[in-house]
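Just below is one structure, and these are the notes that go with it.
The values are calculated or read from the model by the stated rules, or taken from the named source; none is laboratory data. Please read these numbers as outputs of a predicted model, since none were measured by experiment. Ideal geometry is used to build each Cβ from the backbone, glycine not excepted, and the neighbour counts take in all protein chains shown. Only protein heavy atoms, including side chains, enter the accessible area calculation; ligands, DNA and RNA are left aside. Shrake-Rupley method; radii C 1.70, N 1.55, O 1.52, S 1.80 Å.
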Amino acid sequence: MGKEQVLSNLGPFLEGDKEGRLEVINLILNNEEGISKADIRDYPKGLVNCLCDKNKEIRAPA
């Protein structure tokens, strides 16, 4: 499975618990080169939720 396939399936996890969101954000940031080929249609809602999160640890990397 390529990076783009993994990245394509991470969108829903951006709406999970604090630890899960942090892991997903870090995974996305560490694999930026795969984003251009990934299906990221599910990312916007989860990223907006992360940007609006009360926790600074989640807002900062988002």
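Below is a table of values for the structure above.
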read-out	value
For Asn30: the one exception among (1) in contact with a Pro (Cβ under 7 Å, 6 or more places away or on another chain); (2) open to solvent by 70 Å² or more (accessible area, probe 1.4 Å)	(1)
Number of positions in region 43-52 that are within 16 Å of Lys3 (Cα to Cα) and either surrounded by fewer than 16 Cβ atoms within 10 Å (Cβ to Cβ) or modelled with pLDDT under 90 (or both)	0
Subset of region 3-14 [surrounded by fewer than 17 Cβ atoms within 10 Å (Cβ to Cβ) and either closer than 14 Å to Asn55 by Cβ or free of Cβ contacts under 8 Å to residues at least 24 places away in the same chain (or both)]	Asn9
Condition met for Ala38 (more than 11 Å from the chain's Cα centre (by Cα), in contact (Cβ under 8 Å) with a residue 12 or more places away in the chain and crowded, with 17+ Cβ neighbours inside 10 Å)	yes
Members of region 23-35 that are touching a residue at least 12 places away in the same chain (Cβ under 8 Å), assigned to a helix (DSSP H, G or I) and not charged (D, E, K, R)	Val24, Ile25, Asn26, Leu27, Ile28, Leu29, Gly34, Ile35
Candidate set: region 6-21, residues that are in contact with a helix residue (DSSP H, G or I) (Cβ under 6 Å, 6 or more places away or on another chain) and of a type outside the set (Asp, Glu); chosen: the one nearest to Ala60 (Cα to Cα)	Arg21
